[in-house]
Every structure is written in structure tokens, then in C-alpha cells.
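Asker: Have a look at this one.
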Amino acid sequence: MRYVSTRDDTARASGAQAIVSGLAPDGGLYFPEHMPRFAPEGLAALLTADYPTRAAHILAQWLTDFALPDLLGMCRAAYAGFDLPVKALGDGLHALELFHGPTLAFKDVALQLLPHLLKASGEFVGESRDILILVATSGDTGKAALEGFADVPGVSICVFYPEGGVSEAQRLQMVTQTGDNTRVVAVRGNFDDAQTGVKKIFTDPAIAALLDERGVVLSSANSINLGRLLPQIAYYCSAYLDMVKAGSVAMGDEINICVPTGNFGNILAAHFAREMGLPVHTLVCASNVNNVLTDFMRTGVYDRNRAFHLTTSPSMDILISSNLERLLFELSDRDDGQVRGFMAALSSTGQYRLTGAALERLQAGFWAGFADEQAVADEIKQTFAAQNYLIDPHTAVAFRIARDYRAATGDARPMLVTATASPYKFGRAVLEALAGAAVGDDFACCDQLAALSGQQTPEAIAALKTRPVRHRAICDIADMWGAIEPIWGQNS
Ligand SMILES: *Cc1c(COP(=O)(O)O)cnc(C)c1O
């Protein structure tokens, strides 16, 4: 299996090469030359397997550089003690809980595995330089990547997050990160600024040359990296199998999946699972008031020229959804010229328009909606009251839009809703939604939440209270390279 760039389909890379590079040299994203498909009975054969086995079999179809036993070893190491339960909530609604990893968000599923994949990929392609991973985060990727890569030999990691644009728990998780190879920098800007800044560093040949002299090569842990996307395909397949086992759906019958969406990585993974042959009817794309994707899916016009809103679901406060580029490539019949045109228009005028058959194909497979802040708070309250189920604001966006979809279409297929973060990562917002007001700091909010729900504040949150802050750097958007250059760009 080889991968092409969405901006140049004559460029070819192996899976290992794509994982090491992160981004294609032309700034495009790697896309499979052919979409792998489940062999007949291939999915059913995994019904009784455990999660690492299911994940390894699915990854093996995408990463043909590696032998199945090697992938299995990596998955076992990454997912030991990692639970990914599907909870049936009645009325055909199911929650896929992806937040039981070390940093309490779904990003852990990919980022616990990525260090293993990156190490094996580096060896496979004969990369002898040290790897410097740059991450732009809207809150959860940063911590999950830091946790995955802290003290991994031969790798350093630098995370940029938007100052004031993440929750208090998210910020504390990052700035208290240990590990000599970690660095965390606040950026005076929003997530889109940070993401654009990182991409700029990536595609700057002068920086690449400078780093090369120092024996360093850049890579990415954002969902633009194939190594982030592929592990996410596995949990959709696995969740379906769990639903079959629980009798929620008959093997082969279709479900719908609703995903709270920001950078379009998680929902794209669900789409890839569907393309592999997973029986999924509609993918419901749920946004907060930063609803650029809702408009795009309804009209074909992608227009980022709009106000940027800070919300209680900060990991979805995004107006430039990077991974959409991969879907555009597919929808345009792998027309790299058209994708280049879309992306050039996006960066010069801030918009582009999808039309004709490509738009029809998009709308045949996806349905989109958005929830404003009041709807999110209502959903948290209602889901707790009706189902005794506590959800975080991102997950609440998805539940709300899943209900909207069902009401609008009458489609009663079983609905799998992706629960992307622990409510305790956003304790203040969740408590405000439930109790109408929140007093005290975020830790006090979590304790009140725990008392209300009869649960306990997860240790990963409670422990932040006493952890020393290790990272205080802050920089302007224009100076992101300047913030890290003294460490990695020069001889020290
Ligand atoms: C990252 C994140 C999202 C959005 O996922 P994308 O892959 O960027 O679309 C949603 N919810 C939470 C909690 C997240 O951390």
C-alpha cells in the first residue's frame, strides 16, 4: 500500500515514510493509493478478538510495511488497560467512550500508539536523525502527544496552544508536563493561527536545511499525520463489533455515527471505516457555533470569513479543518489540481465552493448540524436527567446533533455517538450546565460534579492541583519558530 499527496498525485510514499514525514513535501496530506476493503467475512472474523487484535488487523491493511505480529505487539503495548466501551443509552442511542486513556480525551487512542508507529517507521525508512515533533493543539492533542512522547529516546516534542483558548484543566495538563524532551508554548492567537504557523515551519526549506545540519528532522503528531488517523479507524470497527455482540445491531446491518468535529480527523476516520466496508449509513458531522463545516455540507461553500467564537467545547473551535482536504481529494475523484486550487483559494480569499457530482456525493454520505452554547448546556442537563449519563460539552454537541438528525430525517438506525472527552476535563462548563452556576476553581467544580453524579474526580485531573508548572513560554503568531529555534535550530 502506498500513499499519494492530495496536492500532487505523482508523489508516492510508503506508509512508514508518510508517518515519519507527517506532511507531504508539497504541503498536501497523504492519501491511500487504493482504499483497503475488508475481505468477505473479514470484519466478522474479528468479532471475538480483543481490542489490540482488532486494531492490529485493521492497521495491517493500511500499513503493509509492517508484519501483523509487529503491529500486534505495538497495539498491545499501547492499549494495555485501555478501555473503549460502548454504552447503550436506550432509544437506539449508543455512546462510544474514547476518553479512558491517560489524558482523558479520544486523542489518546492514536497518540498512545503513534510513538510505536513512528519508531518502527523511522527504522523502516532508515531515518537516523532525531525527530522533532511539532504540534498545534486546540487543547487535547497537545497533552495526549506530550504524554505519548515524553522521554521517548530520539524524539523531542514542542506543543503550541492558543493562549486563553483552552480549558483550565487542559492548560494545566500541558504546562505541568514532565520530560526533558518536552516544550510547551502559548501562542497569542487562536488554534487556526497556531496550526497555520506550524504548517509554515514544516514547509520552510531553510528551516529543514538548518535542522538537517543539526541532525534533526521534523514530524507531526496532528491529525494531518496518517499515523494519527489510522488508529482511529480501528475503534469504529471495534465499536460496531461490540454492538453486534451486545445485540444492538445484526451483523451486516447499518448504523449511523455522529462525531463532534473540529479538524475533521475523527469523522474522516469513521468515513475511512465505512469505505473499508463497515456498515455505516450516514455520518453526522456535529459542530459548535464555529459552524463552517455545517454550512459547507449544506451548501458546498467553505467560507472561513466569519467570527471565531470561543466556546465550552474548545477542541472544536476551528475554522480551518485540515483533514477536509483528504475528503476533497476523494470527492473530486483524486484531482490534485482541483485540491490545490481549493487550498490556494482558502488561503488567499478564505473560501472555495464544491459543486456538482462531488457535492452530491458529499451530501449522500454526510449530514451536518451545529449546536449553540445554550443547546450544549441543555443537552448536558437533559442527558444527565433522562439517562443519568454525564457528558462533556464536545460530546454534548454530538448528542444534540444526533437527536436533530433523527428528528429531521426519521432515520431510526442505531446511532453511535462518539464521546470524545471526560466531563471532568471541562468541569466548570459541565457544572454550570447542570447546576446553573459554578463557584470555586475548576477543581472545586469537579468535586461538586463528582458529588452530583456519585462518581469520583479522575486522578489525572485531581493530581494537577499540586503539580509544579514547568512551561511558561509565550510567543506571537509570527514568531513561533523563534520560540523554539534557540533549542533546536542552533548549536548549543
Ligand atoms: C480534538 C477533539 C475533537 C475534534 O476532533 P477532530 O478530529 O479535530 O475533528 C472533539 N472533541 C474533543 C474532546 C477533542 O479533543
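Asker: Among the residues of region 447-458, is there at least one that is touching a strand residue (DSSP E or B) at 6+ places or on another chain (Cβ under 9 Å), at negative phi and modelled with pLDDT of 90 or more?
Answerer: Here is the first cut: in region 447-458, the residues touching a strand residue (DSSP E or B) at 6+ places or on another chain (Cβ under 9 Å) are none.
Checking region 447-458: not a single residue is touching a strand residue (DSSP E or B) at 6+ places or on another chain (Cβ under 9 Å), at negative phi and modelled with pLDDT of 90 or more.
Asker: Please specify each residue of region 209-232 satisfying the condition of being away from the ligand (no atom under 13 Å from the Cβ) and either assigned to a strand (DSSP E or B) or basic (Lys, Arg) (or both).
Answerer: Hits for region 209-232 are 214, 216, 217, 218, 219, 220.
Asker: Among the residues in region 379-401, are any within 16 Å of the ligand (Cβ to nearest atom) and in a strand (DSSP E or B)?
Answerer: No; the residues of region 379-401 include none that is within 16 Å of the ligand (Cβ to nearest atom) and in a strand (DSSP E or B).
Asker: Can you go through 115, 52, 69 and tell me which one is assigned to a helix (DSSP H, G or I) and touching a Cys at 6+ places or on another chain (Cβ under 6 Å)?
Answerer: Going through 115, 52, 69 in turn, the sole match is 52.
Asker: Give the residues of region 282-318 that are in contact with a strand residue (DSSP E or B) (Cβ under 8 Å, 6 or more places away or on another chain), surrounded by fewer than 17 Cβ atoms within 10 Å (Cβ to Cβ) and not in a helix (DSSP H, G or I), sorted by residue number.
Answerer: Result: 301, 303, 305.
Asker: Given the condition aliphatic (A, V, I, L, M), farther than 23 Å from residue 243 by Cβ, in a helix (DSSP H, G or I) and touching a Leu at 6+ places or on another chain (Cβ under 7 Å), answer yes or no: does some residue in region 408-429 qualify?
Answerer: No.
Asker: Right, something else. May I ask you to say which residue of 432, 325, 330 is of a type outside the set (Ser, Thr, Tyr), closer than 23 Å to residue 170 by Cα and touching a residue at least 40 places away in the same chain (Cβ under 8 Å)?
Answerer: Sole residue among the options that is of a type outside the set (Ser, Thr, Tyr), closer than 23 Å to residue 170 by Cα and touching a residue at least 40 places away in the same chain (Cβ under 8 Å): 432.
Asker: Do you know which of the residues in region 319-346 that are small (Gly, Ala, Ser) and away from the ligand (no atom under 15 Å from the Cβ) is surrounded by the most Cβ atoms within 10 Å (Cβ to Cβ)?
Answerer: Let us first name the residues in region 319-346 that are small (Gly, Ala, Ser), namely 321-322, 332, 337, 341, 344-345.
Checking which are away from the ligand (no atom under 15 Å from the Cβ) leaves us with 332, 337, 341, 344-345.
Values: 332: 20, 337: 11, 341: 14, 344: 12, 345: 14.
Here the answer is 332.
Asker: Considering only region 325-348, how many residues are among the acidic types (Asp, Glu) and assigned to a helix (DSSP H, G or I)?
Answerer: Of the residues in region 325-348, 3 are among the acidic types (Asp, Glu) and assigned to a helix (DSSP H, G or I).
Asker: Just for region 176-194: of the residues that are touching a strand residue (DSSP E or B) at 6+ places or on another chain (Cβ under 6 Å) and in a helix (DSSP H, G or I), which one is nearest to the ligand (Cβ to nearest atom)?
Answerer: 191
Asker: Okay, moving on. Looking only at region 457-492, which residues are surrounded by 13 or more Cβ atoms within 10 Å (Cβ to Cβ) and among the polar types (S, T, N, Q)?
Answerer: Passing the criteria: only 457.
Asker: Taking the residues in region 140-158 that are of a type in the set (A, V, I, L, M) and surrounded by 24 or more Cβ atoms within 10 Å (Cβ to Cβ) as candidates, determine which candidate is nearest to the ligand (Cβ to nearest atom).
Answerer: Checked region 140-158; the qualifying residue nearest to the ligand (Cβ to nearest atom) is 144.
Asker: So, in region 87-96, how many residues would count as being at positive phi and either in a strand (DSSP E or B) or among the aliphatic types (A, V, I, L, M) (or both)? Full working, then the answer.
Answerer: So in region 87-96, the residues at positive phi come out as 90-92.
Subset that is either in a strand (DSSP E or B) or among the aliphatic types (A, V, I, L, M) (or both): 90.
Qualifying residue count for the region: 1.
Asker: Which condition number in (1) modelled with pLDDT of 95 or more; (2) in a loop (DSSP other than H, G, I, E, B) is the one that residue 235 fails?
Answerer: (2)
Asker: Let me ask something additional. Can you tell which of 84, 23 is modelled with pLDDT of 95 or more, assigned to a loop (DSSP other than H, G, I, E, B) and under 17 Å from the mean Cα position of the chain (by Cα)? Write out each step before concluding.
Answerer: Details: 23 fails: modelled with pLDDT of 95 or more.
Result: 84 is the single residue among 84, 23 that is modelled with pLDDT of 95 or more, assigned to a loop (DSSP other than H, G, I, E, B) and under 17 Å from the mean Cα position of the chain (by Cα).
Asker: Taking the criterion of being surrounded by 23 or more Cβ atoms within 10 Å (Cβ to Cβ) and outside any loop (DSSP other than H, G, I, E, B), would at least one residue in region 349-364 satisfy it?
Answerer: No, the conditions are met nowhere in region 349-364.
Asker: For residues in region 238-261 being buried (at least 24 other Cβ atoms within 10 Å of the Cβ) and either of a type in the set (A, V, I, L, M) or at pLDDT below 95 (or both), which is farthest from the ligand (Cβ to nearest atom)?
Answerer: Among residues in region 238-261 that are buried (at least 24 other Cβ atoms within 10 Å of the Cβ) and either of a type in the set (A, V, I, L, M) or at pLDDT below 95 (or both), the one farthest from the ligand (Cβ to nearest atom) is 239.
Asker: Could you tell me which numbered condition residue 445 fails, if it satisfies all but one of (1) in contact (Cβ under 8 Å) with a residue 24 or more places away in the chain; (2) crowded, with 20+ Cβ neighbours inside 10 Å; (3) closer than 17 Å to residue 173 by Cα?
Answerer: (1)
Asker: Do we find that residue 48 is more than 23 Å from the chain's Cα centre (by Cα) and hydroxyl-bearing (Ser, Thr, Tyr) in this structure? Write out each step before concluding.
Answerer: Numbers: more than 23 Å from the chain's Cα centre (by Cα): yes; hydroxyl-bearing (Ser, Thr, Tyr): yes.
For residue 48, the condition - more than 23 Å from the chain's Cα centre (by Cα) and hydroxyl-bearing (Ser, Thr, Tyr) - is met.
Asker: Separate question: List the number of the failed condition for residue 475; all other conditions in (1) touching a Phe, Trp or Tyr at 6+ places or on another chain (Cβ under 7 Å); (2) over 26 Å from residue 373 (Cα atoms); (3) in a strand (DSSP E or B) hold.
Answerer: (1)
The values are calculated or read from the model by the stated rules, or taken from the named source; none is laboratory data. Given the structure is predicted, the values throughout are model-derived calculations rather than measurements. All Cβ positions, even for glycine, are placed from backbone atoms using ideal geometry, and neighbour counts span all protein chains on display.
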